[in-house]
Amino acid sequence: MRKTFFAGSMGLLAALFLASCAGDGEKYEYTSGNFPREEKVQSPLQNAKMYARTDAFSIWIPEKPSKVQEAAAKELESYLTRLYPSFIVFNGKKAEKGVTFFVGRTKGEAEKLFPAAPDMREFGVFPASDGTAAILIDGVDDPGISPWVPRGRTGTLLGVYYFLGKYAGAEFFAPGKHGEKLTQNTPITLKKPDVPVPSYPARSIALYSRSRKEFQSGDYYRFFKKMLCSLPDYAVPDFYYMGPDWKKLGKKDPELLGIMNGKRYYGRDYDLPCLTNPKVLRLMAEGACREISKRKNCRNIRIFRDTSARICECENCSKYKDISNYYYTFVNNLAKEIHKVHPHVYVMTQEKNNYFYHVPDGLEKVEDRLVIEISDGFPSSRNFSSALPLLRQWRKAGALVLFRQYNRVRFQWHDYPIINPMNIASHYKFMQGKALGTRWSDGGDTSLFQSVPMQYMQAKFLFDASADAEEVLKKFCTLAYPGAEEEVMRYFRIMEDNHHAYPQWGNPLLGALQFDNLLEPAELLEKALKKVKDPFWLSPVLADLKRVQLLAEKERRRMADYNRIKRAFDVQYGPGKLFLAPSFGEELVVDGKLSEPSWKKVPSFSLMPVEALKTPFQYTLAYLSCSPGALFFAFKAFEEHPEKIAKDLENVWGNDSMEIMIAPPRKNFPYLQVLFTPQGVKKVIYYSDKGKSRELDLKTVAGRGHIDLKGKYWSGELVIPKTLLRTIVKDDETRFAVFRSRNMTDDSLERQYSGLFPGKGNTHVQKFYRPLLIAW
């Protein structure tokens, strides 16, 4: 290995020759581009070395290279060896003695040959200023970082891939060896420094394929870098921090907990402590600092999780007029406390739809290194303008703003393909300059073969939002499906049009991916498959589409069966149906077993499935009756596996349950909601004329449940006093609804929802409630 130094005007190649003969008395400064400060070292004879050499090129790196520099040099050598087996044409001339590549910048005499770029954001490619056949690839790298992790700046490595892709005939479009195209002996033309400014500094694509393991994890990480993706420290949290065990601490000090419906509480419905309690801020800050100290090189902490929030009802918390002021004031104060101990750490939060979203009133400047992720509607929307005021507001307050994206509704879209290349391009074109980028990407839940075109588009437009979307997509098709570009481009157009023609919050097999919508796309892919020479990237796309098409056909049959059931219910319980609660005729002993003979005289009605099902429907029979002082409700909920009904759950909404809603006949408020499980009444919620809710004491009503293992059902009886109903209605006419949620804790059993009308909508949508006449 030869050692070298730079000798200014004598010419670079002469300097390289003299370096082999020079003594140790000459001293120069050397500074690698990845160090956070300049470090003066001794002679480059001791601090620079040749990494590789062929007839076509040589590669030089620091004597003590970083991991990123070594990886960059290794990748450069690997590709140059294949791209240029014998010589390189550089700037129109054959480089007789090869092209010299430098990985990392030096100071001193070298600056005359490779002038520094003071505005370099991430990386740059520099030709020698004296016309010598030499190229410097320089980048900004975070200290001590591994080259193959997604978080952190690895500009030197990205610079190598940028050079290979733009100047040396390498084209990267997918993970693995099948995801690149190499054109040998491409002339290199580089006459002035090339220092690109990416459209977004935070750029990401999927790093895995959850549903199928087509490639090794290393293939994904390399693809991430080849597509010039980069996630600075501020864009990725090391961990989410919810605080200490508030429930446990609240038993000793209840004032730590927030008040909900008049009670100190911490649980699923409300998992924030009392944010104005000084002890809460102190405990959160101390705990966060401990967790940061435990982790090596921790750079980013995410506060709380993606959760809806409420304002604690204590006197101090109630002074806040909305949740945004309440929530973000606390987060900002917490960031200040953390920075007293760890000033280098970023503190990340997010907006949450209409719960919390705006900068606290009167706060002109948020804490330094406060990061917020904000949703702008992508990818379900194609109009992102409504998010602009919010993005502008947080940027003005000094926050680091990123995009928050829900790329798919997972419990509905599962691993089905989402094809939206043009929406990806238009999104990042429109939003350039409004945020720093995103850490989110679709693809981890689906087949890589379907998602890689979308990842390609996302990476390309995050780096250069000015690109032509049609041309970029055509380029991908040329690389992945040569010979069948026309068919695949039309496939993309049809799939994307269908994707945006239906709501995202719904079963895609009955919407965008319904059977009929997939007929033409499948035909196009079959034609395309006959045209391509190598089916590696196309054949799995067709196979995956056929898989989804088969599921859509099953869904179509299920819908046909469901519609038959629904028509039968519509005849019996149509919108005009008037329900009657007749007199019971005897005293009701509430045991949950429907043991009184009078129940046999009361007409029953069945609940209907509100959506198509995959497994046999679990029927429910319900009964309504009354006495002079109360309304009675009873039911039998049939269940093939009654032994799997949860005996008790803290999360009452997760159990098999019934909900009974009572509302006035001609207005929406006030109304009553009662939640009933096999263990009896679990919640009684009263909604006042102003729409505010409060939980009533469970003893306000009477009810018991019962599980009959032999009969394969669970049953219940509920008594709602007339005095409570009179706060809602003044006469005998009212409206009601009944819902069953079969939320079994056993994941092998299908969740089923049933009620008096179709559509698994919100149980509080009263336009579907049925009229009820109580025969008091």
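Some notes on this structure:
- For the range 436-465, the tally of residues that are touching a strand residue (DSSP E or B) at 6+ places or on another chain (Cβ under 8 Å) and either of a type in the set (K, R) or open to solvent by 10 Å² or more (accessible area, probe 1.4 Å) (or both) stands at 4.
- Selection of first residues in the range 149-164 that are closer than 21 Å to P187 by Cα and in contact (Cβ under 8 Å) with a residue 12 or more places away in the chain and of second residues that are open to solvent by 20 Å² or more (accessible area, probe 1.4 Å) and assigned to a helix (DSSP H, G or I), restricted to Cβ pairs under 6 Å at least 6 apart or on distinct chains, gives the following pairs, ordered by first then second residue: Y161/K226.
- Selection status of E214, modelled with pLDDT of 95 or more, in contact with a helix residue (DSSP H, G or I) (Cβ under 8 Å, 6 or more places away or on another chain) and surrounded by fewer than 21 Cβ atoms within 10 Å (Cβ to Cβ): no
- Residue within the range 699-717 that is of a type in the set (S, T, Y) and more than 25 Å from G267 (Cα to Cα) present: yes
- K181 being charged (D, E, K, R) and either without any contact (Cβ under 8 Å) to a residue 24 or more places away in the chain or under 29 Å from P118 (Cα atoms) (or both): no
- Residue within the range 126-145 that is surrounded by 20 or more Cβ atoms within 10 Å (Cβ to Cβ), within 27 Å of T446 (Cβ to Cβ) and either within 28 Å of the chain's Cα centre (by Cα) or of a type in the set (D, E) (or both) present: no
- Members of the range 296-326 that are closer than 19 Å to L231 by Cα and either among the polar types (S, T, N, Q) or open to solvent by 40 Å² or more (accessible area, probe 1.4 Å) (or both): K296, N297, R299, N300
- Of the residues making up the range 720-738, those that are closer than 24 Å to Y573 by Cα, open to solvent by 20 Å² or more (accessible area, probe 1.4 Å) and in a strand (DSSP E or B) are E733, R735.
- All of S715, S754, S688 fail the test of being touching a residue at least 12 places away in the same chain (Cβ under 8 Å) and open to solvent by 10 Å² or more (accessible area, probe 1.4 Å), apart from S688.
- Subset of the range 364-398 that is loosely packed, with under 15 Cβ neighbours inside 10 Å, at pLDDT 90 or above and outside any helix (DSSP H, G or I) - its residue that is farthest from the chain's Cα centre (by Cα): E364
- Yes/no for S539 being over 30 Å from P678 (Cβ atoms) and surrounded by 12 or more Cβ atoms within 10 Å (Cβ to Cβ): yes
- Odd one out for Y241, checked against (1) more than 30 Å from F536 (Cβ to Cβ); (2) out of contact with any Phe, Trp or Tyr (no Cβ under 9 Å at 6 or more places or on another chain): (2)
Residue-by-condition table, conditions (1) crowded, with 18+ Cβ neighbours inside 10 Å; (2) modelled with pLDDT under 90; (3) more than 25 Å from D142 (Cα to Cα):
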| residue | (1), (2), (3) |
| --- | --- |
| F5 | yes, yes, yes |
| A14 | no, yes, yes |
| L45 | yes, yes, yes |
| K64 | no, yes, no |
| E75 | yes, no, no |
| T81 | no, no, yes |
| K94 | no, no, yes |
| G108 | no, yes, no |
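- Qualifying residue in the range 405-418 (condition: free of Cβ contacts under 8 Å to residues at least 12 places away in the same chain, charged (D, E, K, R), out of contact with any Pro (no Cβ under 7 Å at 6 or more places or on another chain) and over 30 Å from I301 (Cβ atoms)): no
- Residues in the range 476-503 that are touching a residue at least 60 places away in the same chain (Cβ under 8 Å), surrounded by fewer than 22 Cβ atoms within 10 Å (Cβ to Cβ) and over 18 Å from D516 (Cα atoms): L479 only.
- Matching residues, the range 158-171, being touching a helix residue (DSSP H, G or I) at 6+ places or on another chain (Cβ under 9 Å) and either surrounded by fewer than 22 Cβ atoms within 10 Å (Cβ to Cβ) or of a type in the set (G, A, S) (or both): G159, G165, A168, G169, A170, E171
- Residues in the range 556-589 that are closer than 16 Å to L718 by Cβ and open to solvent by less than 40 Å² (accessible area, probe 1.4 Å) were compared, and the one that is farthest from the chain's Cα centre (by Cα) is F584.
- Residue pairs meeting the criteria (Cβ under 6 Å; at least 6 apart or on separate chains; first part of a loop (DSSP other than H, G, I, E, B), in the range 61-77; second open to solvent by less than 20 Å² (accessible area, probe 1.4 Å) and among the hydrophobic types (A, V, I, L, M, F, W, C)): E63/A48
- Selection status of E650, part of a strand (DSSP E or B) and among the acidic types (D, E): no
- Within the range 144-160, one or more residues are farther than 18 Å from L228 by Cα, modelled with pLDDT under 95, outside any helix (DSSP H, G or I) and not acidic (D, E).
- Cβ-Cβ distances below 7 Å connect the following pairs, each with a first residue in the range 327-342 that is outside any helix (DSSP H, G or I), a second residue that is open to solvent by less than 10 Å² (accessible area, probe 1.4 Å), and a separation of six or more residues or different chains: H342/I292.
- Single condition I707 does not satisfy, out of (1) in contact with an Asp or Glu (Cβ under 9 Å, 6 or more places away or on another chain); (2) open to solvent by less than 10 Å² (accessible area, probe 1.4 Å): (2)
- Residue in the range 630-644 that is more than 19 Å from P758 (Cβ to Cβ) and of a type in the set (K, R) present: yes
- Number of the condition not met by S595 [criteria: (1) of a type in the set (S, T, Y); (2) open to solvent by 40 Å² or more (accessible area, probe 1.4 Å); (3) in a helix (DSSP H, G or I)]: (3)
- Index of the failed condition, V401 passing every other in (1) open to solvent by 10 Å² or more (accessible area, probe 1.4 Å); (2) modelled with pLDDT of 95 or more: (1)
- For Y265, the conditions (1) surrounded by 17 or more Cβ atoms within 10 Å (Cβ to Cβ); (2) of a type in the set (S, T, Y); (3) at pLDDT below 90; (4) in contact with a Lys or Arg (Cβ under 9 Å, 6 or more places away or on another chain) all hold with the exception of (4).
- Test: residue in the range 695-706 that is within 30 Å of R310 (Cα to Cα), within 38 Å of the chain's Cα centre (by Cα), of a type outside the set (V, I, T) and assigned to a strand (DSSP E or B): yes
The values are calculated or read from the model by the stated rules, or taken from the named source; none is laboratory data. Note that the structure is predicted; figures quoted are calculated from it, not measured. When we count neighbours, we look across all protein chains shown, and the Cβ atoms used for this are built from the backbone with ideal geometry, even at glycine. These accessible areas exclude ligands, DNA and RNA; they are computed on the full protein's heavy atoms, side chains included. Shrake-Rupley method; radii C 1.70, N 1.55, O 1.52, S 1.80 Å.
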